[in-house]
Amino acid sequence: MRQARFEVGWRTESLAHPSGRDLDDLAVQAADDAVVAILAKLDQFRGESLFTTWARRFVQREAPDKIRRRLGRARELPSADDSELARMWAVDAESPHERCVAHELAGTLARLIDEDLTPRQREVFVALAIDGVPTKSLARRLNTTTGALHKTLHVARRKLKAGLEAA
């Protein structure tokens with residue numbers, strides 16, 4: 001439950017999200033689904049890590065699905081003035097200059113995601129590259145193949161790389 005609450009809170013902090021009670025409900029649903037998945041795969045636990053570490057991965061996979069289903073597909077995307085990406089990248093920045101460069105790079109990337117990618121490329125890129133949604137799960141949700149998703153992601157990354165190089 002603690003990991004589910006953390007995942008839901010962390011993944012929704014930059015969104016205009018529902019009330020705390022709704023977030024708690026999402027955490028409970030994610031934890032419940034994770035327990036079901038853990039019990040189904042209990043025989044696959046090899047003991048190479050702590051059981052709790054292994055079990056947390058199930059919650060980390062369930063929470064994003066619950067959030068997307070609850071909040072719908074109209075998810076807020078990073079914008080040029082959003083500093084979320086800059087904060088993620090600037091964590092290890094030691095100097096103010098490095099933080100400034102990281103912030104500018106994040107702003108440019110957010111603008112490129114918003115302006116250069118098609119809606120489908122944006123949805124696939126954000127889900128796979130930023131949110132870490134499993135490819136099979138996204139393929140099922142979008143009614144497509146994993147190969148098509150990988151191709152879409154490849155094209156989106158190529159566009160973003162070209163845009164970053166031009167910028």
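Every number in this text was worked out from the coordinates using simple rules, so none of it is lab data. Note that the structure is predicted; figures quoted are calculated from it, not measured. When we count neighbours, we look across all protein chains shown, and the Cβ atoms used for this are built from the backbone with ideal geometry, even at glycine.
The HN-Hα couplings worked out from phi for the stretch 48-60 by the Karplus form 6.51 cos²θ - 1.76 cosθ + 1.60 (θ = phi - 60°) are 6, 9, 4, 4, 5, 5, 4, 5, 4, 4, 5, 5, 5 Hz, whole numbers, x standing for Gly and Pro.
Sorted from fewest to most neighbouring beta carbons within 10 Å, what does the list THR145, THR53 look like? Present the calculation step by step, with values, prior to reporting the outcome.
Numbers: THR145 12, THR53 9.
Placing the least packed residue first, the sequence is THR53, THR145.
Summing charges over neighbours of GLU62, with a neighbour being any other residue whose Cβ is under 12 Å away from its Cβ, gives +3 when K and R count +1 and D and E count -1. Residues GLU7, GLU123, GLU165, arranged from fewest to most other Cβ atoms within 10 angstrom of their Cβ, appear as GLU165, GLU123, GLU7. Extension gain, VAL35 to ARG69: 0.36 nm times the residue separation minus the Cα-Cα distance gives 10.4 nm. The calculated FRET efficiency for the pair HIS150 and ASP25, based on their C-beta separation and a Förster distance of 41 Å, comes to about 0.75.
Please arrange TRP54, TRP10 by how many other C-beta atoms lie within 10 Å of their C-beta, fewest to most.
Listing TRP54, TRP10 from fewest to most nearby Cβ atoms yields TRP10, TRP54.
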